[in-house]
Amino acid sequence: NFSFRQAEHQHKLSARFADVLELIGESLFYAKKQAVADGLEQVSIERQHVLLSLSGKQYRTGQISESFLEDIQEGQILIDTTGHAIGKVNGLTVLEIGDTTFGTPARISATVYAGSNGVVDIEREVELGKAIHSKGVMLLTGYLGHKYAQGFSLAFSANIAMEQSYGHIDGDSASLGEVCVLISAISQIPLKQSIAITGSINQHGQVQSVGGLNEKIEG
């Protein structure tokens, strides 16, 4: 399971052998410890030893993800998990810090007002959005034009932002959530806040495969 997770595939194992060997080495420590306690001469690695090793690594590297969770619970990071809201939805981000990777929710919001500026990506405007994220927002604009502006031109102004993000944002997996909040803001139809949404969308409205899925589900 560890190797499948490293490969991010249901049917392929990871070729990152160093990580697998490190896990086996840590599991061997727990196996030897139990063998000594039980008075056994032969040492064999069992499932519980591997789980102990994985939980030990999570304990050592999980401080940052736990800090994010505490900030959400204390209300420092604004995430709603009940009710409905217009122009707001929970997205999912994956953070890689050192050798730990974890998912956490992030709120996406949109405001709409009269004008002809089109969709303004606040992350790109302040140079926090990297190229792939900006591409996702541009594809969103292409989808809106393809879907709703075949018979007449669209004339509106909108701002989209990933709230309380203070570092660089990359990847286009927020584009589906951005479509939802934008249509919600335009139509004044509220969105459920009890779910988090992820995935990229193309110009024809098709939702594409999602990366980092295990971490996003846990987040």
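The values are calculated or read from the model by the stated rules, or taken from the named source; none is laboratory data. Since the structure is predicted, the reported quantities are computational estimates derived from the model, not experimental observations. In this analysis, Cβ positions are derived from the backbone assuming ideal geometry, glycine residues included, and neighbour counts consider all displayed protein chains. Note: areas computed on protein heavy atoms with side chains; ligands, DNA, RNA excluded. Shrake-Rupley method; radii C 1.70, N 1.55, O 1.52, S 1.80 Å.
Nonpolar atom fraction for the chain, defined as the carbon and sulfur part of the 1.4 Å probe accessible area, stands at 55 percent. Simple point charges give the picture: +1 on the Cβ of Lys and Arg, -1 on the Cβ of Asp and Glu, and for the chain a dipole about the Cα centre of about 580 debye.
Projected over every direction and averaged, the convex hull enclosing the alpha-carbon atoms of region 2-131 yields 13.4 nm². Each residue of region 79-86 is assigned a 3J(HN,Hα), and the resulting list reads 9, 8, 10, 9, x, 10, 8, 8 Hz, derived from the Karplus form 6.51 cos²θ - 1.76 cosθ + 1.60 (θ = phi - 60°), x at Gly and Pro.
Please label the shape of region 63-160 as rounded, prolate or oblate, based on the square roots a ≥ b ≥ c of the eigenvalues of the alpha-carbon gyration tensor (a/c under 1.5 means rounded; beyond that, a/b larger than b/c means prolate, else oblate).
It comes out prolate by the Cα gyration axes.
Residues whose amide H lies under 5 Å from that of Val120, counting only those 5 or more places away or on a different chain, are Ala158, Asn159, Ile160; hydrogens are built 1.01 Å from N in the peptide plane. Region 78-132 to region 140-155: how many Å between their Cα centroids? One Cα centre to the other: 22 Å.
For region 111-163, the per residue solvent-accessible surface stands at 57 Å², with DNA, RNA and ligands left out and a 1.4 Å probe. Sorting the segments 117-128, 31-42, 191-202 by their residues' average number of neighbouring beta-carbon atoms within 10 angstrom, most packed first, yields 191-202, 117-128, 31-42.
With both residues required to sit in the chain, DSSP beta bridges show an antiparallel share near 75%.
Summed over qualifying helices (DSSP H, 4 residues or more, each -39500 (n - 2.57)) and divided by its residue number, the chain shows a 222 nm mean residue ellipticity of -13500 deg cm²/dmol. The overall shape of region 125-198 is oblate: from the C-alpha gyration tensor, with semi-axes ordered a ≥ b ≥ c, the ratio a/c is 1.5 or greater and a/b is no larger than b/c.
Placing pseudo-labels 7 Å out from each Cα toward the beta carbon at Tyr148 and Glu22 gives an inter-label distance of 4.7 nm. What the phi angles of region 202-219 give under the Karplus curve with 6.51, -1.76 and 1.60, with θ = phi - 60°, is a coupling list of 9, 5, 9, x, 8, 8, 9, 4, 10, x, x, 5, 4, 5, 5, 4, 5, x Hz, glycine and proline written as x. Judged by the mean number of other Cβ atoms found within 10 Å, the most tightly packed of the peptides 131-138, 179-186 leads the ranking 179-186, 131-138. On the principal axes of its alpha-carbon atoms, the chain has extents of 80, 38, 30 Å, going from largest to smallest. Close amide H pairs (under 5 Å, H built 1.01 Å from N) link Leu191 with Ala85, Ile86, Gly87, Lys88, residues at least 5 positions away or on another chain. Remark on Ala106: its backbone amide H falls under 5 Å from those of Gly91, Leu92, Thr93, a criterion applied only to residues 5 or more positions apart or on other chains, H modelled at 1.01 Å from N.
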